[in-house]
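Here's the structure we're looking at; comments come further down.
The values are calculated or read from the model by the stated rules, or taken from the named source; none is laboratory data. For clarity, every value in this text was computed on a predicted model and none was experimentally measured. Neighbour counts are summed over all protein chains in view; Cβ atoms, including those assigned to glycine, are modelled from backbone coordinates with ideal geometry.
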Amino acid sequence: MSHEPIQLHSSNPEPSYGRTPVASPKHLDLRKNEGLTIEWPDGTTAFYPIDYLRKMSPSADTKALREEMAKNPLTVLPGAPNKEPITAVDAALVGNYAIRIIFSDGHDTGIYSWEYLKEIEISNDQ
């Protein structure tokens, strides 16, 4: 199993539309088969497994699916084309406020803002 990191490249910045941005991470380490590790400016570190990032994608279609599943636990999930675990194929920084991750199942429409990543951070106390 490969543990190689994905090199991040920056895309054009997008406006914040009046929201107060969360400070940009000090360091990002995206391992395609494992997950995203973020070192925040306050010295804390967070780890987001790849499958968790895919499940929690902020894209409109994935958000709608999560809302449907909350209403109806018998919601049928879309079938994956194969049984291989989801991996990160590529990633790009979006301005100074987010990261876009492209997954092995073709999903590439979620833009994970630093604010959103703070919201979905998994507690280390669990």
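Can you tell me which residue within the range 18-68, out of those that are touching a residue at least 60 places away in the same chain (Cβ under 8 Å), among the aliphatic types (A, V, I, L, M) and outside any loop (DSSP other than H, G, I, E, B), is surrounded by the fewest Cβ atoms within 10 Å (Cβ to Cβ)?
Only one residue fits best here, namely Leu28.
A quick yes/no check of all residues on (1) assigned to a loop (DSSP other than H, G, I, E, B); (2) touching a helix residue (DSSP H, G or I) at 6+ places or on another chain (Cβ under 6 Å); (3) buried (at least 19 other Cβ atoms within 10 Å of the Cβ):
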{"site": "Glu84", "(1), (2), (3)": "yes, no, no"}
{"site": "Ala91", "(1), (2), (3)": "no, no, yes"}
{"site": "Arg100", "(1), (2), (3)": "no, no, no"}
{"site": "Thr109", "(1), (2), (3)": "yes, no, no"}
{"site": "Glu121", "(1), (2), (3)": "yes, no, no"}
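Test Gly110 against the criterion of being on the phi > 0 side of the Ramachandran plot and at pLDDT below 95, and give yes or no.
Numbers: on the phi > 0 side of the Ramachandran plot: no; at pLDDT below 95: yes.
Criteria not met by Gly110.
Tally time: how many residues in the range 11-54 are at pLDDT below 90 and within 12 Å of the chain's Cα centre (by Cα)?
First pass over the range 11-54, keeping only residues at pLDDT below 90: 11-23.
Add one more test, that the residue is within 12 Å of the chain's Cα centre (by Cα), and what stays is none.
Number of matching residues: 0.
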